Amino acid sequence: MRKVRTGGGWPAVLYTLRKARESGGLLAFWRAMRSRNACKTCALGMGGQQGGMVNEAGHFPEVCKKSMQAMAADMQPGIPRDFWDRYGARELRAMSPRQLEHCGRLVEPVRYTAAEGRYRPVSWDEALDGVADQLATTSPDETFWYFSGRSSNEAGFLLQLFARLYGTNNVNNCSYYCHQASGVGLTSVTGSGTATIQLEDLDKADLVFLIGGNPASNHPRLMTTLHELRRRGGEVIVINPLVETGLVNFSIPSRPLSLLFGSKIASLYVQPHIGGDLALLVAIQKRIVELGMHDEAFLTNHAAGWDELHVALNAASYDDLVSRSGVDLATIDRIAEEYSKSKAAVFAWTMGITHHAHGVENVQAIGNLALLRGMVGKPGSGLMPIRGHSNVQGIGSMGVTPLLKQAIFDGLQEQYGVQLPTAIGRDTMACMEGATSGELTTALCLGGNLYGSNPDSTYAAAALGKLKQITYLSTTLNTGHAHGLADETIILPVLARDEEPSATTQESMFNFVRLSDGGPRRHDGPRSEVEVIADLADRVARRLAGNANLSALDWPAMLDTGRIREAIAKVVPGWEKVGEIDRTKEEFQIDGRTFHTPRFPTADGRAQLHVLTPPALRGAGEGELRVMTIRSEGQFNTVVYEDDDLYRGVEGRWVILMHPDDLDRFGAKEGDPLRVVGPAGEMRHVRATKHPAIRAGNAAMYYPEANVLVSRGVDPLSKTPAFKGLVVRLEKEPQA
Ligand SMILES: Nc1nc2c(c(=O)[nH]1)N[C@H]1C(S)=C(S)[C@@H](COP(=O)(O)OP(=O)(O)OC[C@H]3O[C@@H](n4cnc5c(=O)[nH]c(N)nc54)[C@H](O)[C@@H]3O)O[C@H]1N2
Ligand SMILES: Nc1nc2c(c(=O)[nH]1)N[C@H]1C(S)=C(S)[C@@H](COP(=O)(O)OP(=O)(O)OC[C@H]3O[C@@H](n4cnc5c(=O)[nH]c(N)nc54)[C@H](O)[C@@H]3O)O[C@H]1N2
Ligand code: SF4
Ligand SMILES: [Mo]
């Protein structure tokens, strides 16, 4: 397959036109895209009250193929009733992620039983009563509640409240498999778990570090901002084992010249080994201090731990740091020099940083590097985790975490006169383990694909298979509905954000809250998430009439999302303005999260430095290969829209991307079928794919297909699996 030379560009434009035609014409598609709703796709954030394709600075049109893909998927026809006669669970399991997504929209509740081996349509009453009966007869701590990050703040808030009043803290979200290390790491640095800057700060920066991410595919609109920065004379240092086409050159669809010729993005592209970032980040810190380019006054006045860090950096050995990172001294020097010149630097990172057993330490190392030069706590510079799902940050803010923030806990108890549970709740992997051991029997998932996002797919299927009941609130079919089956599995079809009957809100990665109007429904069957949750809670409350906590709320009244926003405004710190938003329509920045002065919400107001020890490089032994599991541009997490990876020029997904030297090392040629043996399992007949853009010694495979290889081991601090830290062995398949 021919690789395109730039990211974005004409393929994105042509795709858009094709999708528009398929989903009922250009005009209908344009209207849908321009409706006053927050973009459904990534957390960069777009749309809302200014209309689709407008960012918070008012720039229009901010087009991106990702958002079009999600829209086109939601505009699919409904799954016909006879589908369920034709396809049993076995047939669903034989389908690829792409085939499942393209079955169409879920439009009626369906119920699967292990005895029957297939789903059957059921009425809403039957489905909701089934879930309510199970919950009412189960001890609350035998249940768990998993949330993805696309649902609204209102749905997230209401469902976590219901789970707690019902009696459990086993409430968590996809963040544990995503940016949890950023939240934990940032909190340990600044006292706050989110980005320290706003979108407009990027317009003032003169240097951006882009570490462990591929925003050209995954956060396309960020490329416009980076392109503007380059035009102003700013620099972009990319740190990534794989040279991603779109990070070198990106064609911005809304800029005619850029569309024709492409825009240069990276000024320096550094390729460490997978997992080598911590060593690299420490090496750059050491070099900055040697050059005397650290900010002594800032470190003494606004940071804690400088003396200890100073000693540790002096003692660190370059030989170690070079061999552990895979980056030579000359390059380390160059990075340090670039950074020394900067007056305002932003540090951005993604899954290449968090998906490691040392994910939190990676984030702390980024914090150190920024603090060394006083780059946190002033305009135009700071820390910026590039978050995933469009509302994953909001879902966290709403209290969808095992442990509630004290302010929310107290606020809820006071506002509703209830007693919230205090037992320690489980993170996502702990829920999978509880399912396996039989301690947990019942689950409810608000969106997402718990099976597909888990490491060790075999274990994940077995874990969910031990449950008595699992309920999914979903828009389309995914592999979880085929492989993540409990004795009884219920799918409740829900409306997408722009089809909801009432307004909802979403929070971007810049802590900016948008208001979505909702809009006309595309199908008759699905219900809004809030409606489903309120109805279910009401049914459970009626069954458990003696439960004073559950009956403290008028659940049917919660159908009014404005009522939910009033509650959020009262109990969630920094969210006061959401209580007024129905009247004012004013979208807002959450208070207390942006740091333009060096005062931090820590006990002594200072940011914290951390002494860190980079791990030895794994996977450097004879016959070993480091593997990262990554996304292609044509997928959104476990949902695959296109099987080919246009920007990396790769056909199909059952592949391993390898450097030519590694192909030689394993005696393989392009196209050879390989057996890939990972820590948790193996994949057979994987196509060896030559990819010179990847650093030798490292390879890439696609998530979710490769999740069967990934082990369940997690970062002890964030409980995040090492999705990028695999070591595999390869064997050639015997010739047929
Ligand atoms: N098109 C598209 N957009 C998406 C998504 C999607 O699936 N598809 N998912 C959304 C979600 S939930 C998220 S979290 C984000 C994910 O966004 P990303 O983090 O950008 O996505 P990944 O594909 O997981 O990781 C990709 C990059 O990390 C690099 N990498 C891997 N290991 C390492 C390492 O050890 N060190 C360094 N420095 N780099 C490494 C890879 O080479 C790759 O370029 O995207 C969001 N946006
Ligand atoms: N090996 C490996 N594993 C990974 C990763 C990796 O890089 N490598 N990445 C991890 C990351 S970063 C993440 S975030 C997780 C993703 O984990 P999840 O968020 O659990 O998974 P998704 O694939 O995003 O979920 C997609 C499903 O959400 C449903 N959906 C879509 N829109 C809506 C909506 O509006 N409402 C509701 N209720 N449902 C909706 C659809 O049914 C769709 O099939 O996976 C993680 N797993
Ligand atoms: S960059 Fe993210 S938020 Fe912006 S339009 Fe694309 S998918 Fe939506
Ligand atoms: Mo994510």
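Within the stretch 74-91, the set of residues being surrounded by fewer than 22 Cβ atoms within 10 Å (Cβ to Cβ) and touching a residue at least 40 places away in the same chain (Cβ under 8 Å) comprises 74, 75, 76, 78, 81, 89.
State yes or no: is residue 404 of a type in the set (A, V, I, L, M) and not assigned by TED's automatic domain parsing to the domain that holds residue 281? Yes, satisfied.
Yes/no matrix, rows are residues, columns are (1) in contact with a Phe, Trp or Tyr (Cβ under 7 Å, 6 or more places away or on another chain); (2) free of Cβ contacts under 8 Å to residues at least 60 places away in the same chain; (3) over 18 Å from residue 721 (Cα atoms); (4) within 16 Å of ligand 4 (Cβ to nearest atom):
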{"position": "343", "(1), (2), (3), (4)": "no, no, yes, no"}
{"position": "360", "(1), (2), (3), (4)": "no, no, no, no"}
{"position": "375", "(1), (2), (3), (4)": "no, yes, yes, no"}
{"position": "387", "(1), (2), (3), (4)": "no, no, no, yes"}
{"position": "416", "(1), (2), (3), (4)": "no, no, yes, no"}
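Filtered by the rule that a residue be under 21 Å from residue 345 (Cα atoms), within 19 Å of the chain's Cα centre (by Cα) and within 16 Å of ligand 3 (Cβ to nearest atom), the stretch 208-255 gives 210, 213, 214, 215, 216, 219, 220, 221, 222, 223. Those strands (runs of 3 or more DSSP E) of the stretch 478-540 in which 2 or more residues are over 19 Å from residue 130 (Cα atoms), in contact (Cβ under 8 Å) with a residue 12 or more places away in the chain and touching a helix residue (DSSP H, G or I) at 6+ places or on another chain (Cβ under 9 Å) occupy 504-507, 512-516. Quick one: in the stretch 449-504, of everything that is acidic (Asp, Glu) and under 22 Å from the mean Cα position of the chain (by Cα), which residue is nearest to residue 98 (Cα to Cα)? Applying the filter and picking the extreme gives 456.
The rows are residues; the columns are (1) surrounded by fewer than 22 Cβ atoms within 10 Å (Cβ to Cβ); (2) in contact (Cβ under 8 Å) with a residue 40 or more places away in the chain; (3) farther than 26 Å from residue 248 by Cα.
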| site | (1), (2), (3) |
| --- | --- |
| 609 | no, yes, yes |
| 614 | no, yes, yes |
| 619 | yes, yes, yes |
| 625 | no, yes, no |
| 640 | no, yes, no |
| 651 | yes, yes, no |
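For the stretch 135-171, residues that are within 16 Å of ligand 4 (Cβ to nearest atom) and over 11 Å from residue 398 (Cα atoms) total 6. Scanning the stretch 635-648 turns up no residue that is of a type in the set (Phe, Trp, Tyr) and under 21 Å from residue 709 (Cβ atoms). Among residues belonging to the stretch 373-423 that are within 16 Å of ligand 2 (Cβ to nearest atom) and in a loop (DSSP other than H, G, I, E, B), point out the one that is surrounded by the fewest Cβ atoms within 10 Å (Cβ to Cβ). In this case the residue turns out to be 401. Scoring residue 604 on the criteria (1) in contact with a Pro (Cβ under 8 Å, 6 or more places away or on another chain); (2) more than 16 Å from ligand 3 (Cβ to nearest atom); (3) touching a residue at least 60 places away in the same chain (Cβ under 8 Å) leaves a single failure, condition (1). The set of residues from the stretch 162-221 being surrounded by 24 or more Cβ atoms within 10 Å (Cβ to Cβ), among the aromatic types (Phe, Trp, Tyr) and away from ligand 1 (no atom under 16 Å from the Cβ) comprises just one member, 162. Residues in the stretch 282-304 that are in contact with a Lys or Arg (Cβ under 8 Å, 6 or more places away or on another chain) and among the acidic types (Asp, Glu): 295 only.
Residues checked against (1) closer than 24 Å to residue 637 by Cβ; (2) assigned by TED's automatic domain parsing to the domain that holds residue 165:
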position	(1), (2)
315	no, no
326	no, no
332	no, no
335	no, no
338	no, no
353	yes, no
374	no, no
395	yes, yes
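Name the strands (runs of 3 or more DSSP E) wholly inside the stretch 567-677 in which the number of residues that are at pLDDT below 95 is 1 or more. Where strands (runs of 3 or more DSSP E) fall fully within the stretch 567-677, none carries at least 1 residues being at pLDDT below 95. Total residues in the stretch 27-62 satisfying the condition of being buried (at least 20 other Cβ atoms within 10 Å of the Cβ) and either part of a helix (DSSP H, G or I) or in the same structural domain as residue 510 (by TED's automatic domain parsing) (or both): the figure is 4.
The values are calculated or read from the model by the stated rules, or taken from the named source; none is laboratory data. Source: prediction; values computed, not measured. Positions of Cβ are generated from backbone atoms using ideal geometry, with glycine treated the same way; all protein chains shown enter the neighbour counts.
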